[in-house]
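A short write-up of the structure that comes next.
The values are calculated or read from the model by the stated rules, or taken from the named source; none is laboratory data. Predicted model, so just to flag it, every value in this text is computed and none were measured. Glycine also receives a Cβ, built like all others from the backbone with ideal geometry; neighbour counts cover every protein chain displayed.
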Amino acid sequence: PRTPGPGVLHEPFGDTPEANLLGHQLQVGDDGEFELYIGGPERGPNWLPTTTGSRKLFIRQGFDRWEELPAQLRIERIDMDSPKPLPSPPEMVEAMRWAGEFVTGLMADWPEFPFTYGGVDANHPNAFPQVDATDADARRGRAAANMYWELADDEALIVEFGAHGGLWMLTNMGVFFNSMDYLYRPVSYTPSRTKTDADGRVRLVMAHRDPGVHNWLDTQGFACGNLTYRHMLEGEPAALSTQVVKHGELLAALPEDTAMVSPAERTAAMWERFHGIRRRYVL
């Protein structure tokens, strides 16, 4: 159910999870398929109960390696005995009203939400708020934190944290929390695509131009934006630290064993990303 009020985003966001199932809790067949029952009487392990306030099924999938593909999902009403009815004119009007309010809500809510409710200080950019795994996050199956960043043309930002369990991801985003150009540019990282230094620390480098380090986060030429960290599955979220340095002094601020790439290797990584995304989303 959703209770509108301060700190609650526009539709369809803001629901409080009533029940959830994680991947390790599902009973999966030898062919990798499973059936999930929603509501009705309890049907064994692959069952999600509902209440009179239930209104949404939210499915979260996380991807690490480029060859991973999304699950193919099908929805069936098990007691169906006639065709699905066509929407009535009032239902179509309501659907169009909802779509319009989604667009206006997106414009009104997202740019200021992290500053008003997310613990982000606009006067002190380039630092993450503390990431705590709350009970609400556990029910949603993830923990998240957002950093607002600002970088001058000659600056770079180092994001550092300890290598940790679970599936984590960092994504460079725009003002409306839309991902930057993930088809062509290295604007996101997950464990399998990241190099860890010999001291067990992960260091990502956000910069306007390619510094030659493997873990480069492209700003896409923007002077400011949002960097979002998410953590899923096992383990706890990491403590994230940041450091702003001059671009020309970047390598001196990194460990000597920092993984570097050549222009040819960067191009190869771009192609790997390009093909991986197109396989995953059929663009």
Filter result (in contact with a Lys or Arg (Cβ under 7 Å, 6 or more places away or on another chain) and surrounded by 14 or more Cβ atoms within 10 Å (Cβ to Cβ)) within region 9-40: Gly14, Asp15, Tyr37
Picking from Leu227, Leu170, Leu250, Leu240, the residue that is buried (at least 19 other Cβ atoms within 10 Å of the Cβ) and in contact with a Pro (Cβ under 7 Å, 6 or more places away or on another chain) would be Leu250
Within region 94-114, can one find any residue that is modelled with pLDDT of 85 or more, surrounded by fewer than 11 Cβ atoms within 10 Å (Cβ to Cβ) and in a loop (DSSP other than H, G, I, E, B)? no
Just give me the residues in region 41-56 being under 27 Å from Thr3 (Cβ atoms) and either in contact (Cβ under 8 Å) with a residue 24 or more places away in the chain or surrounded by 12 or more Cβ atoms within 10 Å (Cβ to Cβ) (or both), in sequence order. Trp47, Leu48, Pro49, Thr50, Thr51, Gly53, Ser54, Arg55, Lys56
Could you tell me whether any residue of region 80-89 is modelled with pLDDT of 90 or more, on the phi < 0 side of the Ramachandran plot and not in a loop (DSSP other than H, G, I, E, B)? yes
When the residues of region 44-96 are narrowed to those that are β-branched (Val, Ile, Thr) and farther than 30 Å from His275 by Cβ, which ends up nearest to the chain's Cα centre (by Cα)? Thr50
Odd one out for Leu204, checked against (1) in contact with a Leu (Cβ under 8 Å, 6 or more places away or on another chain); (2) among the aliphatic types (A, V, I, L, M); (3) farther than 18 Å from Phe128 by Cβ: (3)
Restricting region 181-196 to residues that are touching an Asp or Glu at 6+ places or on another chain (Cβ under 7 Å) and either of a type in the set (A, V, I, L, M) or in a loop (DSSP other than H, G, I, E, B) (or both), the residue that is farthest from Phe161 (Cα to Cα): Arg185
If I go through region 197-237 residue by residue, how many of them are in contact (Cβ under 8 Å) with a residue 60 or more places away in the chain, out of contact with any His (no Cβ under 8 Å at 6 or more places or on another chain) and not in a strand (DSSP E or B)? 4
